[in-house]
Amino acid sequence: MSSKLWGVEDVADYLGVPVNTIYAWRTKGYGPTGRRIGKYVRFVPGDVEQWVSDQGSA
């Protein structure tokens with residue numbers, strides 16, 4: 001695997017939203033799929049990019 005996993009801060013920066021928005025989305029079952037690795041939430045960059053693509057255009 002060539003790319004490292006992203007943390008919540010990385011995803012928030014990529015999406016241009018506050019970190020708290022990522023946490024709020026997780027509690028509502030919305031947003032890119034994150035995985036709990038120990039006590040941390042991590043995201044596969046390709047999953048985040050695919051989630052953005054799946055949202056369509058505004």
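Taken together, the values in this text are just the output of simple stated rules run on the coordinates, not laboratory data. Given the structure is predicted, the values throughout are model-derived calculations rather than measurements. Here Cβ is always computed from backbone atoms with ideal geometry, including for glycine, and neighbour counts include all displayed protein chains.
Taking the Cβ of R35 as the center, what net charge do the other residues with Cβ under 15 Å away carry, scoring Lys and Arg +1 and Asp and Glu -1?
+3
With charges set only on the Cβ (+1 for Lys and Arg, -1 for Asp and Glu), what does the dipole of the chain come to about its Cα centre, in debye to the nearest 20?
Taking the Cα centre of the chain as origin, the dipole is about 360 debye.
Find the relative contact order for region 8-54 and round it to a whole percent, using C-alpha pairs within less than 8 Å whose residues are 6+ positions apart.
Reported as a whole number, the value is 31 percent.
Output the direction-averaged projected area (hull surface divided by four) of the convex hull of the alpha-carbon atoms of the chain, in nm².
Over every viewing direction, the Cα hull of the chain projects on average to 4.4 nm².
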